[in-house]
Amino acid sequence: MLHADFRGEGDPLALLRRGAYELGISLLPDQEAQFQRYIELLLTWNPRLGLTAQTDPEEIVIHHFLDSLLVLKGTDFPSGSEVLDVGSGAGFPGVPLAIVRPDIQVILLEASRRRAAFLERLAWTLKVPLQVIWGRAEDIAHNLNWRERFPRVVSRAVAPLRVLLEFCLPFVEVGGIGVFLKGKRADEEIRGARRALQILGGGPPLSIPVALPFTDLVRVVVVVPKVTSTPTGYPRRPGIPSRRPL
């Protein structure tokens, strides 16, 4: 384990390389170049789109790239499978996942049109196998082309777990898994999501604490299996109340 206050001495790629190694990931030179270009694009577009509060390249590496890769500690991602990132924002965790796992197909779902356009430009520039969907999860999840389609759905969106479950589980195929990055209140959020799990078709969740490299933070990867189909009324659309609130 590296010391918590280690920094890359002005070289964010050195920091990324060591942090990825600590997570059991060996980066290829081409992948490091993709991450470098990702930093450049984030910093270029951030003033216009408000993509991240982090503007120091080393902080981007730690709090976005390495943090995103923690999803790999939660479950396997079978080669050739489709993975949906719900509420992708600036591309986290989907884009870092796609860079280190080019053998899977990552699809990014983003409600902001401007951010979705940024993600499309990012995919083209980095030449990673990404697809971008512009739309709200509560609308797209009712499209039969996307509903209960994915063996893996991930999200790093800032929302209570019960909310993420309503937005994400309708996309997960029965037998698939939802993977959510949470903070120190993960167990409290899991307790608060029991009714949502029961209604939406989720099974008993597994919480996996993982140390974020170069910090004193412990992130919790919450893994939720999909055991039964989600009722057709979920996720609830604005203005259309459900008979069974979560």
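Taking every residue in the stretch 25-46 that is touching a residue at least 24 places away in the same chain (Cβ under 8 Å) and polar (S, T, N, Q) and pairing it with any residue that is surrounded by 14 or more Cβ atoms within 10 Å (Cβ to Cβ) and part of a helix (DSSP H, G or I), at least 6 positions away or on another chain, the pairs with Cβ-Cβ distances below 7 Å are 31/99; 31/100; 34/99; 34/126; 36/13. Scanning the stretch 130-145 for residues that are part of a loop (DSSP other than H, G, I, E, B), without any contact (Cβ under 8 Å) to a residue 40 or more places away in the chain and surrounded by 15 or more Cβ atoms within 10 Å (Cβ to Cβ) yields 135, 136. Residues in the stretch 172-192 that are in contact (Cβ under 8 Å) with a residue 40 or more places away in the chain and not aromatic (Phe, Trp, Tyr): 172, 173, 174, 175, 176, 177, 178, 179, 181, 182. Being at pLDDT 95 or above, under 24 Å from residue 66 (Cβ atoms) and touching an Asp or Glu at 6+ places or on another chain (Cβ under 9 Å) is a description that does not apply to residue 179. Taking the listed residues 158, 153, the one that is at pLDDT below 95, among the hydrophobic types (A, V, I, L, M, F, W, C) and either more than 14 Å from the chain's Cα centre (by Cα) or within 26 Å of residue 75 (Cα to Cα) (or both) is 158, with no other qualifying.
Counting only residues that are in contact with a strand residue (DSSP E or B) (Cβ under 7 Å, 6 or more places away or on another chain) and touching a residue at least 60 places away in the same chain (Cβ under 8 Å), which one in the stretch 207-225 is farthest from residue 62 (Cα to Cα)? Only one residue fits best here, namely 223.
Filtered by the rule that a residue be out of contact with any Ser or Thr (no Cβ under 7 Å at 6 or more places or on another chain), crowded, with 22+ Cβ neighbours inside 10 Å and closer than 24 Å to residue 13 by Cβ, the stretch 101-121 gives 106, 118. Quick one: in the stretch 172-221, which of the residues that are charged (D, E, K, R) and in a strand (DSSP E or B) is surrounded by the fewest Cβ atoms within 10 Å (Cβ to Cβ)? Among residues in the stretch 172-221 that are charged (D, E, K, R) and in a strand (DSSP E or B), the one surrounded by the fewest Cβ atoms within 10 Å (Cβ to Cβ) is 173.
Taken together, the residues in the stretch 222-246 that are of a type outside the set (Lys, Arg), at pLDDT 75 or above and not in a strand (DSSP E or B) amount to 10. Residue 149 meets the conditions (1) charged (D, E, K, R); (2) surrounded by 16 or more Cβ atoms within 10 Å (Cβ to Cβ); (3) under 30 Å from residue 17 (Cα atoms) in every case but one. The failed one is (3). Could you list, in sequence order, all residues of the stretch 170-207 that are closer than 23 Å to residue 136 by Cα, out of contact with any helix residue (DSSP H, G or I) (no Cβ under 7 Å at 6 or more places or on another chain) and hydrophobic (A, V, I, L, M, F, W, C)? Scanning the stretch 170-207 gives 171, 172, 174, 177, 199.
The values are calculated or read from the model by the stated rules, or taken from the named source; none is laboratory data. Source: prediction; values computed, not measured. No Cβ is skipped: glycine too gets one built from the backbone with ideal geometry, and neighbour counts run over all protein chains shown.
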